[in-house]
Amino acid sequence: MKRRTAGMTAQPGERIIAWLKQAAGEEISSERLCADLGISRAAVWKHIQGLRGQGYRIEAAPRRGYRLCASPDTPLATEVMPLLTTRMIGRHYVFLESVDSTNRQAALQAESGAPEGTVVVADGQTVGRGRMGRAWVSPAGLNAYLSILLMPRVEPARVSTLPLVAGLAVALAIERIAPGLRPLVKWPNDILINGRKACGILCELEAETDRIRRVVCGIGVNLNQTEFSPVLAPLATSLAREAGARVSRAAFVAALLSIFEPLYETWLREGFGSLRQAFLDRHALAAHTVTVEQVGGTVTGRVAGLEAEGALIIEQGDGRRVSILSGDVHITRQA
Ligand code: BTN
């Protein structure tokens, strides 16, 4: 497993890329890089080789220096961090080429003292985790797989609305990156585009009865995948499939993190209520008849609304209304 970590202080590779991008296709001399980074020419060369290994196309011209010819479409720290508008989310950014699950890696990061807002991103996952013990198919090089480490100082019970906040952030990020698309949030934590799933969210909580130790908010978004297995094909989609054009994975991840942070801060300060209308504007279930699988059993009925604090209101066949905090929802009849 290859690891690329970037914290508050930029790593030499990041500084070199920043210089090369600033030069906008012109050469940067090796001397200038040596002076800025305080390292030898051989060390600069080693970092250039490392960057090439990550997919950057960098030309070296004798006596003139280095020139950036192309950047990879990979959500590397060097590509995402310059685009972030956040204060905390993604300021400690861990990119992994191939990993079991970013949620598991984010939990391990937390165990070794990583700060709140740490983001683990992978190019591909070998054991991507879905909800209800399902797997999340995570081919390399195509999509976004990321986990955000959060340590909210709120009652553990409030965490059930955090997936709604993440879902809203994903919908807004899709609207920003692919403006022609109309993503809808399928309560509690899927994003549908034209009725098919483009994103899944898995929030994993580690808490004592009255105190949250951490929440790992894992988000998988199908960005550029256009082929799906026969089982998934009727149910799944991607931004590229719906928009007919590839999207930049780095731009998407940066937009998502930048949008998520202010929503998360609002949620911390004011609860879900302040985000409810934005959620309802993108609500995939309004007035549909659904079946909700919960730990304690199944509820069937028409979706009649959303409580101020995010619970789904279901009107059952006999007119009785129940409010549901979490569960796996299946649409059984469209409104
Ligand atoms: C679901 O709809 O079942 C939730 C899927 C969540 C997938 C993401 S991909 C990034 C993060 N790491 C994981 O192992 N799972 C989540």
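What follows is calculated from the coordinates using simple rules that are stated; it is not laboratory data. What you are looking at is a predicted structure, and each value in this text was computed from that prediction instead of being measured. No Cβ is skipped: glycine too gets one built from the backbone with ideal geometry, and neighbour counts run over all protein chains shown.
With neighbours defined as other Cβ atoms within 10 Å of a residue's Cβ, the residues Ser147, Ser30 order from fewest to most as Ser30, Ser147.
Less than 5 angstrom separates the built amide H of Ile212 from those of Val154, all sequence-distant by 5 or more or on a different chain.
From the largest down, the stretch 8-70 spans 27, 23, 20 angstrom on the principal axes of its Cα atoms. Once the Cα-Cα distance is subtracted from the 0.36 nm per residue extended length, the Glu111 to Arg153 segment shows a gain of 13.3 nm. Karplus-derived 3J(HN,Hα) values for the stretch 177-192, using 6.51 cos²θ - 1.76 cosθ + 1.60 with θ = phi - 60°, are 7, 10, x, x, 8, 10, x, 10, 8, 8, 3, x, 7, 10, 10, 10 Hz; glycine and proline are entered as x. Here the simple spin-label model places points 7 Å from the Cα toward Cβ, and for Ala35 and Thr298 these points are separated by 7.2 nm. FRET efficiency for the Ala61 to Arg182 pair, using the beta carbon distance and R₀ = 56 Å, is estimated at 0.70. Residues in the stretch 223-231 carry Karplus couplings, in order, of 9, 10, 6, 10, 10, 10, 4, x, 5 Hz; the curve used is 6.51 cos²θ - 1.76 cosθ + 1.60 with θ = phi - 60°, and Gly or Pro positions show x.
Rounded to the nearest 20 debye, the dipole size of the stretch 224-295 about its Cα centre is 160 debye, using +1 on the Cβ of Lys and Arg and -1 on the Cβ of Asp and Glu. Put a plus charge on the Cβ of each Lys and Arg, a minus charge on the Cβ of each Asp and Glu, and nothing anywhere else: the dipole of the stretch 289-333 about its Cα centre is then about 180 debye. Across the stretch 66-125, counting alpha-carbon atoms alone, Rg and Dmax equal 12.9, 40 Å. Built from the Cα atoms of the stretch 289-333, the convex hull projects on average onto 2.9 nm², one quarter of its surface area. Put +1 on the Cβ of each Lys and Arg and -1 on the Cβ of each Asp and Glu in the stretch 162-294; which of Cys203, Thr289, Ser238 then has its Cα farthest toward the positive end of the dipole? Of Cys203, Thr289, Ser238, it is Ser238. Taken over the alpha carbons of the chain as equal point scatterers, the Debye sum produces base-10 log I(q)/I(0) values at 0.07, 0.10, 0.14 Å⁻¹ of -0.32, -0.62, -1.10. Each of Asp73, Asp318, Asp281, Asp123 has some number of other Cβ atoms within 10 Å of its Cβ, and from fewest to most they run Asp318, Asp281, Asp73, Asp123. Ranked for footprinting exposure by Cβ neighbours inside 10 Å, fewest first, Leu33, Leu275 give Leu275, Leu33. Cross-link partners for Lys197 among the aspartates and glutamates, with Cα-Cα distance under 16 Å and sequence neighbours closer than 8 places in the same chain left out: Glu175, Glu227, Glu242, Asp328.
Placing a label point 7 Å from the Cα of Gln49 along the Cα-to-Cβ line, the residues of the stretch 65-85 whose backbone N sits under 18 Å from it are 66-67.
On full extension, the segment bounded by Glu208 and Ala287 gains 24.8 nm, given 0.36 nm per residue less the C-alpha separation.
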